[in-house]
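Worksheet: one structure, shown below.
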Amino acid sequence: MASIINGKEIGQQIRQSIADRVVKLKEQGVTAGLAVILVGDNPASQTYVRNKQKSCEAIGIYSELIKLPEETKEEELLEHIKTLNNRQDIHGILVQLPLPKHINEDNVIATISPDKDVDGFSPISVGKMMLGQDTFLPCTPFGVMKLLEFSGVELAGKHAVIVGRSHIVGKPMGQLLLQKDATVTYTHSKTKDLPSFTKQADILIAAVGRANFITSEHVKPDAVVIDVGINRDENNKLVGDVDFTDVEPIASHITPVPGGVGPMTITMLLYNTVQSAENTLQQDK
Ligand code: NDP
């Protein structure tokens, strides 16, 4: 039986410490502020944005939603970002992805000031992360690192295998594990004989986007299994990339879906926003 890594509980503990930092900032006259830009009416994006705003409000971070119509021109969106870059009351800027097809996401992300890039997606943030420099780390892999840390999982010298190489999850995940001295293997859709790699993992990270894709056939006994996936199965039930029922009996630790990695992503967004507000206070001194 695996030990269940409870992301809800760990996320709550971290949120409490962030709330304490929000109070300290307020005592020094600063209210941490996050601006979220939502373009269009994508229902999933609307839900994500609502959750982010609610989480901000719950711990005293000011949140501002800039809602723009689907037909917004790229230039207009960039102007909004530039205005936010210059606002002193906004410490974090997040543009909810995906954007409508006529807008170039790379241009948009690159326009966010690196000092306010709390999603950690801009080329400067990514470059700094690669170099191990101080920067905002992308929230989902950062959240996974916190789950591993809070669960006391040793990383140095361990073999971490990542399934998935997206810019927002897989790639940065491997970098963060490498920085903690894990030996990292990336796998993806062109990998031949996937189980031959995943079976070697002491720490297996699934970020594939396919319901119940990882089964016991992919997992070495006593591996730590982290499931980043959020999918709907054939019964419209929320499930991860890992077949939990099949894998849980052989893993040493495992994250459930929901209640594993999911709650950590917003937690780390709050963390980065407060960090940014603290940074500005430091610069003003
Ligand atoms: P992407 O679709 O961007 O990337 C999926 C990755 O999986 C790609 O690198 C792809 O390979 C790889 N892949 C696809 N099929 C296979 C296969 N058969 N064998 C091996 N690798 C495969 O997804 P994301 O990284 O954005 O998200 C992954 C999952 O995590 C999704 O379920 C998403 O909903 C969830 N997610 C959860 C978050 C959270 O807060 N918990 C936050 C972000 C994402 P290739 O590059 O070759 O195409």
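Every number in this text was worked out from the coordinates using simple rules, so none of it is lab data. Bear in mind the structure is a predicted one, so any value in this text is a computation, not a measurement. Ideal geometry is used to build each Cβ from the backbone, glycine not excepted, and the neighbour counts take in all protein chains shown.
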*Sequence neighbours fewer than 8 away in the same chain don't count; with that in mind, list the lysines whose C-alpha is under 16 Å from LYS24.*
LYS285
_Alpha-carbon radius of gyration plus Dmax, which is the widest Cα pair, for the chain in Å_ = 19.1, 57
*Which far-off residues, 5 or more places away or on another chain, put their amide H under 5 Å from the one on SER252, with H placed in the peptide plane?*
ASP222, ALA223, VAL224, VAL225
*What ranking of ASP115, ASP134 emerges when the number of other C-beta atoms within 10 Å of each C-beta is taken as an exposure proxy, fewest first?*
ASP134, ASP115
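Can you flag which of LYS52/LYS73; LYS192/LYS237; LYS73/LYS101; LYS158/LYS180 are past 18 Å Cα-Cα? Provide the component values of the computation, followed by the final result.
Values: LYS52/LYS73 25 Å; LYS192/LYS237 30 Å; LYS73/LYS101 11 Å; LYS158/LYS180 10 Å.
Among LYS52/LYS73; LYS192/LYS237; LYS73/LYS101; LYS158/LYS180, the Cα-Cα distance tops 18 Å for LYS52/LYS73; LYS192/LYS237.
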_List the residues, sorted by chain then number, that are 5 or more residues from VAL239 or on another chain and whose placed amide H is less than 5 Å from its amide H._
ASN231, ARG232, ASP233
*Could you go through segment 96-109 in sequence order and give the Karplus-derived ³J(HN,Hα) for each residue, using 6.51 cos²θ - 1.76 cosθ + 1.60 with θ = phi - 60°, rounded to whole Hz, and x for Gly and Pro?*
5, 9, x, 9, x, 4, 6, 10, 7, 4, 4, 4, 5, 5
*Amide H to amide H under 5 Å from THR185: which residues, 5+ apart in sequence or cross-chain, H placed 1.01 Å off N in plane?*
ALA160, VAL161, ILE162
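As a test of the formula, what do you get for the chain when each DSSP H run with n ≥ 4 contributes -39,500 (n - 2.57) and the sum is divided by the residue count, at 222 nm and rounded to the nearest 500 deg cm²/dmol? List each step's numbers first, then the result.
Working: 10 runs with 119 residues, N = 285.
My calculation for the chain gives -13000 deg cm²/dmol from helical runs alone.
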_Efficiency of FRET between GLU76 and LYS26 - r from beta-carbon atoms, R0 25 angstrom, step 0.05_ = 0.15
_Residue by residue through segment 222-231, what is 3J(HN,Hα) from phi via Karplus (6.51 cos²θ - 1.76 cosθ + 1.60, θ = phi - 60°)? Round to whole Hz and write x for glycine and proline._
6, 6, 8, 10, 10, 10, 8, x, 10, 9
*asked:* Could you tell me the calculated FRET efficiency between ALA19 and MET130, based on Cβ-Cβ distance and R0 = 30 angstrom, to the nearest 0.05?
replied: 0.45
